[in-house]
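Heads up: the structure comes next, in structure tokens.
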Amino acid sequence: MVQVYDEAGIAHPATILIAGPVTVLKVLTKETDGYFAVQVGFGEQKEFRLTKAEKGQRKGLGNFRTVQEFRISEELASTYKQGDVLDVTQFNPGDLIVVRSKSKGKGFQGAVKRYHFKGGRRSHGQKHSEREVGTIAGGGRGGSGRVAKGKRMPGRMGGDMITVQNLKVLQAHKETNELVVEGSLPGVRGVLVSIESK
């Protein structure tokens, strides 16, 4: 993350993204595939790491590390064709975008960290149970003795796909394919991020 100053001298927290270039591999239409979408490839991969099916999908366009599909409208489908290259020129400062990326994985965590449980009081004989969940099949269901589905308990935390909407583009640098977006994004440094226009 960086600080970006606008014309009024106000500092904005921002995140720098490497946005493309991405290559259009296939345009899906309602007649052939049942819906309108575009498949794009990003990044480089050694050819021996690709399967025959993946090589056929790329059709000599390049050895891409990642292939992703985006739903589009029927009007937009006619504007794309196989081999088109999309870069940061698609975005202008002030545009609103939608960003999806995978959040940091935090491993197995307790309910206090995972769900912000308050925990128990350290009094009246409670010596080691301040961060315990407490009863899990008790009076909330009439004393049924059965654990309800979806009960919030300790478990794996993080590593989820997070969507952040209405992020503003502050700068777009075509020379370096860098997109400067206002605010922070989920995930570790280097995580794959999908960007869509609002």
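The values are calculated or read from the model by the stated rules, or taken from the named source; none is laboratory data. Computed from a predicted structure; not experimentally measured. Neighbour counts run over all protein chains shown; Cβ positions are idealised from the backbone, glycine included.
Residues of region 161-184 being under 30 Å from R131 (Cα atoms) and surrounded by 13 or more Cβ atoms within 10 Å (Cβ to Cβ), which ones? I162 - this is the single residue of region 161-184 that is under 30 Å from R131 (Cα atoms) and surrounded by 13 or more Cβ atoms within 10 Å (Cβ to Cβ).
Residues in region 69-85 that are aliphatic (A, V, I, L, M) and touching a Phe, Trp or Tyr at 6+ places or on another chain (Cβ under 6 Å) were compared, and the one that is farthest from L192 (Cα to Cα) is A77.
In region 165-178 there is at least one residue that is closer than 30 Å to I97 by Cα and β-branched (V, I, T).
Is it true that some residue in region 155-170 is modelled with pLDDT under 90, assigned to a loop (DSSP other than H, G, I, E, B) and of a type in the set (G, A, S)? No, region 155-170 contains no residue that is modelled with pLDDT under 90, assigned to a loop (DSSP other than H, G, I, E, B) and of a type in the set (G, A, S).
Residue pairs whose Cβ atoms lie under 8 Å apart, separated by 6 or more positions or on different chains, with the first residue in region 156-178 and farther than 30 Å from G107 by Cα and touching a residue at least 12 places away in the same chain (Cβ under 8 Å) and the second among the polar types (S, T, N, Q) and in a strand (DSSP E or B), are E178/Q171. Picking from residues in region 27-74 that are in a strand (DSSP E or B) and more than 22 Å from the chain's Cα centre (by Cα), the one that is surrounded by the fewest Cβ atoms within 10 Å (Cβ to Cβ) is L28. Of note, R131 does not satisfy the criterion of being surrounded by 11 or more Cβ atoms within 10 Å (Cβ to Cβ), at pLDDT 85 or above and under 24 Å from the mean Cα position of the chain (by Cα).
In summary, V147 fulfils each of the numbered conditions (1) outside the structural domain of V169 (by TED's automatic domain parsing); (2) part of a strand (DSSP E or B); (3) hydrophobic (A, V, I, L, M, F, W, C) with the single exception of condition (2). Evaluate the following for F108: is it aromatic (F, W, Y) and either closer than 26 Å to Q39 by Cβ or assigned to a loop (DSSP other than H, G, I, E, B) (or both)? Spelling it out, it is not the case that F108 is aromatic (F, W, Y) and either closer than 26 Å to Q39 by Cβ or assigned to a loop (DSSP other than H, G, I, E, B) (or both). For region 95-104, the condition of being free of Cβ contacts under 8 Å to residues at least 40 places away in the same chain, assigned to a strand (DSSP E or B) and under 27 Å from G183 (Cα atoms) holds for none of the residues. Of the residues G94, G145, the single one that is among the small types (G, A, S), in contact with a strand residue (DSSP E or B) (Cβ under 8 Å, 6 or more places away or on another chain) and exposed (fewer than 10 other Cβ atoms within 10 Å of the Cβ) is G94.
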